[in-house]
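Contents: one structure, followed by commentary.
The values are calculated or read from the model by the stated rules, or taken from the named source; none is laboratory data. Every value quoted in this text rests on a predicted model; they were computed, and no experiment measured them. Here Cβ is always computed from backbone atoms with ideal geometry, including for glycine, and neighbour counts include all displayed protein chains. Please note that ligands, DNA and RNA were not included when accessible areas were found on the heavy atoms of the full protein model with its side chains. Shrake-Rupley method; radii C 1.70, N 1.55, O 1.52, S 1.80 Å.
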Amino acid sequence: GVTRLLLTRIPFFKEIIVSSFTCDSCSWSNTEIQSAGRIQEQGVRYTLAVTSRQDMNREVVKTDCAMARIPELDFEIPAFTQKGVLTTIEGIINRAVAGLEQDQPIRRATDEEVARKIDEFISKLKQLKEVHSSFTFIIDDPSGNSFVENPHAPHKDEALVVTHYRRSPQQAAMLGLELGEKPMDPAEDLRNEVLQFNTNCPECNAPASTNMKLVQIPHFKEVIIMATNCDSCGHRTNEVKSGGAIEPQGTRITLHITDPSDMTRDILKSETCSVEIPELEFELGMGALGGKFTTLEGLLKDIRELVERNPFTLGDSSTPGKTEKLQEFIGKLQEIIEGKRNVHFIMDDPAGNSYLQNVYAPEEDPELQVEHYERTFEQNEELGLNDMKTEGYEAPGR
């Protein structure tokens, strides 16, 4: 047969390699994908409650290092046991069934009992496709490059939970990442110096430089600003990391946008902060867009660009009804940016490291409300605080 390879760039997934094999003798064909882009900063876990046949048609990108699991059947596809695919949930189940059926004739001849049990399990997998009862579908990808479609985008999907997490040392080693870090000279004054290190452009992968600087935000705290400029394609990006510890309480900031001048307010969105606009039924989960230090107008434009550049919402994979709904949402978002629509803009940061400028400081802002709340157990779990031990962790006798 003949195998064809194509290196292509998808805006949402950056660069991928599409591999297609066809056989003229038996007409068998197969397609695979491999990530040719960068590994994301955080891993991602998608948890979907499958309740209808429509859910089986959701598009899924599963990389070769991702693990797929169905807890109700105690079924798991471990990482690196399948090639990366662009398919649907039903397609993943079909591939699993085909893999189990492949060696069944040999098993029936050598171990009939094992073959019978596998036949029973294959029957249960096939019944899942009819969705007679709901089940849970989980994809866990340490590289952060897998994806499960949200058919309700840009609105929140109540059946789909997306969790971004820090990779463990074992997961980083599995991906072949270097874990060693060179200790910095404690005498070096980082606050008065711009550090520069070599990296690759996230768009064209050409060599580029990233500048890093510690900045003190008035009436707030210290943050780290990282900016990358690419001389090859002209791409520019910036990201903000918190320079301090996680706050004792979470912070919920609500701004009532009533005037076009609100668009000029400085805003710090940390990577743990989610954004909500109730009037548009819109919610942006934590981890999306990363950390940003910009203006309110700049953040809303980044949200608009995120929706426009997603090929699963406005590209060839979209449906006409979904496209019209998203175009209507983009139009409403543009009205907010132009100051033609009054809405509430909500930032919810369990780590307490986000900030929205009070233009009346040090007086109170009548349109700005800041609430501090106690984090839930689930929020502490996502931040890795439940298992963190800062006292009494040393071994006895030391």
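Structural remarks
- Label-point separation in nm, residue 94 to residue 388, each point 7 Å along Cα→Cβ: 4.6
- Taking only protein heavy atoms and a 1.4 Å probe, the accessible area of the chain is 49% carbon and sulfur.
- Placing a pseudo-label 7 Å from each Cα along the Cα-to-Cβ vector at residue 174 and residue 80 gives an inter-label distance of 0.9 nm.
- Förster radius 35 Å - calculated FRET efficiency between residue 204 and residue 51 (Cβ-Cβ, nearest 0.05): 0.25
- Expected 222 nm ellipticity per residue - DSSP helices of 4 or more, -39500 (n - 2.57), all of the chain, to 500: -6500 deg cm²/dmol
- Long pairs among 213/292; 83/322; 241/325; 156/301; 301/325; 213/269, criterion Cα-Cα beyond 22 Å: 83/322; 241/325
- With q set to 0.07, 0.09, 0.12, 0.13 Å⁻¹, the log10 of I(q)/I(0) for the chain, from the Debye formula over equal scatterers at the Cα positions, is -0.41, -0.67, -1.14, -1.31.
- In nm, spacing of pseudo-spin labels at residue 117 and residue 214 (7 Å Cα→C-beta vector): 5.9
- Charge dipole magnitude, Cβ of K and R +1, D and E -1 - the chain, Cα centre, debye nearest 20: 1120
- Rounded FRET efficiency, nearest 0.05, which uses the C-beta distance separating residue 132 from residue 152 and R0 of 22 Å: 0.40
- With 0.36 nm allotted per residue and the present C-alpha distance subtracted, the residue 231-residue 279 stretch has 13.2 nm of extension available.
- For the peptides 377-384, 103-110, 25-32, residues were scored by their other Cβ atoms within 10 Å and the scores averaged per peptide; the highest-first order is 377-384, 103-110, 25-32.
- Alpha carbon centroid spacing (whole Å) that separates the range 73-96 from the range 115-145: 9
- GNM remark for the chain: springs join alpha carbons under 10 Å apart, and the peak mean-square fluctuation among 41, 112, 305 falls on 112.
- Highest-MSF residue in the chain out of 282, 197, 293 [GNM, Cα springs under 10 Å]: 197
- Across 296, 284, 385, mean-square fluctuation computed from a Gaussian network of the chain (C-alpha pairs under 10 Å connected) peaks at 385.
- Computed over the chain, relative contact order equals 14 percent, with contacts defined as Cα pairs under 8 Å that lie 6+ residues apart.
- Using the 1.4 Å probe convention, the accessible area of the chain works out to 57 Å² per residue with neighbouring protein chains retained.
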